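> This is the structure, below, for whatever I ask next.
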Amino acid sequence: MPKKNDKRVSEDSSLNTYIIIFLVSIIIILLSVLIAFLIKPKDNESKATESANLVEKEEFKRLRFWSVVIDVWNQAGHFRTMNRVFENLQYKFVNASHGDDWDILWAIENPFYIPEFKTDALFMNVNEHPLRIEQKANHFPGIGLLVGKSHMNYMNAHLKYILPSFVLPHDETRFKEFLAKNPKVKLVEKNIYNRGVHIVTKKDVLQRKHDEDSEIFFQQFMDKPFLIDGHAFDFGIFVLITSFNPLRIYRFDADVLFRFCIEEYYPFDPSNRDKYVVQSGCLPAYEMPTFQKVLENYQYTSKQIFENYIEEKGYDVKSLWSKIDDAIVKIVMNTEPNVINRTKSFNYSTHNFFELVRFDIIFDENLEPYVMEVNMSPNLTPAEERYEENALIYEQLIYNTVHMIGGGSYFEFMSRFNDSDVMVANRKNIAVDVESCLKDECYKSCEHPSCKLCSPCVKAENRYQMREAFREHLYEGNLRRLFPSKIFYEDKELYDTLTENNQFSVDWYRAKCLEDEKWC
């Protein structure tokens with residue numbers, strides 16, 4: 001039987017064990033807290049690094065917008081409206097003149113037009129380095145024949161939409177023949193940069209000495225224009241060209257830009273240019289009674305009000321737009337060979353460019369349209385507060401343009417050249433004419449003419465253009481396709497005038513039209 005002292009020793013031993021366990025637990029807890037405290041800054045640092053990497057990753061996925069203007073004439077800011085659109089689309093604003101990388105360049109001047117720009121510091125980034133396949137610039141090389149007033153008028157003199165014009169002394173013989181046939185004609189003197197427009201006499205023109213390098217040309221004056229509220233006006237139509245070779249042309253269909261002369265046309269006074277020249281201080285549509293009385297009660301566009309106005313006067317709106325669209329397509333098409341050649345001289349692909357222009361049109365007293373000029377870089381920011389209403393047109397126009405060229409998001413832009421493109425436009429989307437392809441067994445041979453649109457027979461470049469056309473169809477928004485169009489599907493004579501690439505494009509659109517009338 002154990003002794004009493006042995007029992008006390010046993011109890012003391014158990015107590016000591018509990019104390020040791022308690023102390024060890026305290027030490028473990030303290031060590032855990034200490035370790036957690038020591039590790040926490042590292043975790044924070046790790047989280048901060050992860051956050052920075054995430055920001056950097058997000059930054060990389062933002063598209064970069066570079067804007068350039070050399071001749072600052074719009075004191076309200078050439079890009080104020082445009083910047084607002086690009087900011088809302090989450091673009092990063094960069095300056096490639098300082099070495100920044102860029103995705104979309106929007107310049108007032110054409111970097112590929114004037115030789116001096118090749119060495120201008122603003123455009124060195126464009127002219128010293130080949131454009132990457134995904135980069136987009138808002139001017140095509142060679143577009144000068146479309147937007148140069150004398151060039152445009154001369155190249156399209158055969159069209160019924162162009163008033164006779166003459167560059168002297170080059171056109172002196174033709175000019176004298178014209179005067180002999182039209183002895184009572186009035187003439188207007190124009191500068192290719194749209195300054196100093198005024199009426200001149202035939203005698204003054206013939207007696208004047210003309211320099212070979214003159215920037216002046218002469219044009220028949222529209223002496224009986226179509227008037228609204230007694231005022232002469234011009235009619236601005238925005239046109240987007242997304243491709244040359246093949247050609248794809250779109251008209252902004254949501255609205256048009258009206259600019260009215262300051263003073264009423266009659267009684268006519270040739271010395272008062274405010275009666276017949278649209279110049280600084282011109283009247284916007286919403287200050288004219290015909291438009292104002294409707295806008296006070298309804299939120300219609302100027303285009304809608306104008307169409308209703310001329311319908312009430314007995315004119316056919318559909319016929320008018322048919323003539324305007326015909327003029328736009330033919331004038332742009334006449335520029336295509338020069339654009340293709342100039343683009344090749346820069347060793348660029350036409351994929352890299354788009355062009356947003358404004359066709360300025362006037363109407364004679366019978367509402368027949370005449371194209372006066374094509375503006376390369378139309379003003380897209382209201383120059384004065386009184387024109388601020390036009391910002392609604394400009395913002396929607398820019399937004400539609402950016403989406404059409406694939407710049408609505410980083411995914412849209414980059415997917416044109418990577419595997420994710422199949423989510424938007426894959427081979428099955430662009431495949432057409434199943435009946436002919438199966439009937440002629442085009443997978444065996446592409447020799448039959450009907451096989452040229454069949455997938456096994458389509459060249460890589462044509463397949464790319466078909467995908468681009470499909471994508472553009474998805475993003476048309478307020479843009480209306482003018483070319484390729486149904487009239488070229490149906491008119492054999494017009495079709496035969498097209499280049500091989502344009503014929504292929506028209507054939508593909510025709511096949512899509514037969515499948516779905518929305519493509520017509």
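The values are calculated or read from the model by the stated rules, or taken from the named source; none is laboratory data. Treat the numbers as computed from the prediction; the structure is a model and nothing was measured. In this analysis, Cβ positions are derived from the backbone assuming ideal geometry, glycine residues included, and neighbour counts consider all displayed protein chains. Surface areas here come from the heavy atoms of the whole protein model, side chains and all, with no ligands, DNA or RNA. Shrake-Rupley method; radii C 1.70, N 1.55, O 1.52, S 1.80 Å.
> Taking a probe of 1.4 angstrom, what is the accessible area of L145 in Å², to the nearest 10?
Rounded to the nearest 10, the figure is 40 Å².
> Multiply the residue separation of H473 and K203 by 0.36 nm, subtract the distance between their alpha-carbon atoms, and state the gained length in nm to one decimal.
Difference between extended and current length: 91.9 nm.
> Please work through the chain and write down the cysteines that have no neighbouring cysteine Cβ at a distance under 4.7 Å.
C261, C282
> If you don't mind, another one. If only Cα atoms are counted, what is the Rg of segment 272-327, and what is its Dmax, in Å?
13.8, 35
> Also, quick follow-up: Just from the alpha-carbon atoms, what are the Rg and Dmax of segment 398-469 in angstroms?
Every Cα atom of segment 398-469 included, Rg and Dmax give 15.0, 46 Å.
> Diagonalise the Cα gyration tensor of segment 170-248 and give the resulting equivalent ellipsoid semi-axes, square root of 5 times each eigenvalue, largest first, whole Å.
28, 21, 14
> Let me ask another. Let me check something: with ligands and nucleic acids excluded, how do M423, M466 order by accessible area (1.4 Å probe), largest to smallest?
If we order M423, M466 from most to least accessible, we get M423, M466.
> Still on this structure: What net charge is computed for the residues neighbouring K293, neighbours being all others with C-beta under 15 Å from the C-beta of K293, Lys and Arg scored +1, Asp and Glu -1?
-4
> Follow-up question, since we're still on this one. Set the Förster radius R0 to 41 Å, insert the Cβ-Cβ distance between K492 and F178 as r into 1/(1 + (r/R0)^6), and round the FRET efficiency to 0.05.
Calculated transfer efficiency: 0.75.
> Determine the sum of side-chain charges near V458: Lys and Arg each +1, Asp and Glu each -1, restricted to other residues whose C-beta is under 12 angstrom from that of V458.
+2
> In the calculated pair distance distribution of segment 224-266, what percentage of Cα-Cα distances lie above 13 Å?
Every Cα pair in segment 224-266 considered, those over 13 Å come to 63 percent.
> Using amide H atoms built in the peptide plane, which far-off residues or other-chain residues are under 5 Å from F221 H to H?
When sequence neighbours closer than 5 places are left aside, the close amide H contacts are K186, L187, V188.
> Would you mind checking the radius of gyration and Dmax of the chain based on alpha-carbon positions, in Å?
33.5, 151
> Dividing the alpha-carbon Rg of segment 188-309 by 2.2 N^0.38 Å yields what?
Ratio of Cα Rg to 2.2 N^0.38 Å: 1.32.
> Just to confirm a number: summing +1 for Lys and Arg and -1 for Asp and Glu over residues other than V167 whose beta-carbon lies under 13 angstrom from that of V167, what do you get?
My count for the surroundings of V167 gives -4.
> Which residues' amide hydrogens lie under 5 Å from the amide hydrogen of V256, considering only partners 5 or more residues apart or on another chain, with H built in the peptide plane?
S302, K303
> Still on this model: Heavy atoms only, probe 1.4 Å: what % of the accessible area of segment 171-255 goes to carbon and sulfur, would you let me know?
47
> Whose amide H sits under 5 Å from the amide H of M376, counting only residues 5 or more places off or on another chain, with H placed in the peptide plane?
For M376, no residues qualify.
> Exactly which trypsin sites (Lys or Arg not before Pro) in segment 424-520 are in a DSSP loop and have at most 13 other Cβ atoms within 10 Å?
K444, K459
> When each pair of different Cα atoms in segment 376-511 is counted once in the 1/r mean, what is the Kirkwood radius in angstroms, to one decimal?
That comes to 17.4 Å for segment 376-511.
> Moving on. With a cut-off of at most 10 other beta carbons within 10 Å, and DSSP calling the residue loop, which trypsin sites (Lys or Arg not before Pro) in segment 273-317 qualify? Please list them.
Here the sparse-neighbourhood loop sites are K313.
> Restricting to the chain, compute how many DSSP beta bridges are antiparallel as a %, nearest 5.
If I count the DSSP bridges inside the chain, around 80 percent turn out antiparallel.
> If you look for lysine pairs in segment 196-335 that are eight or more places apart or on different chains, how many of them have Cα atoms under 21 Å apart?
Close lysine pairs found across segment 196-335: 12.
> Taking a probe of 1.4 Å, how large is the accessible area per residue of segment 449-520, in Å²?
For segment 449-520, the solvent-accessible area averages 50 Å² per residue.
> Let me ask something else about it. In whole Å and largest first, what semi-axes does the C-alpha gyration tensor of segment 247-385 yield when each eigenvalue is scaled by 5 and square-rooted?
So the three semi-axes of segment 247-385 are 32, 19, 17 Å.
> Given all pairs of different Cα atoms, what value in angstroms does the Kirkwood hydrodynamic radius of segment 345-415 take?
This gives a value of 15.2 Å.
> When each pair of different Cα atoms in segment 320-443 is counted once in the 1/r mean, what is the Kirkwood radius in angstroms, to one decimal?
It works out to 18.9 Å.
> Suppose a student asked you for the relative contact order of the chain, using Cα pairs under 8 Å spaced at least 6 residues apart; what percent would you report?
16
> Mind checking the per residue accessible area of segment 211-254 for me, 1.4 Å probe, whole number of Å²?
Accessible area per residue, segment 211-254: 27 Å².
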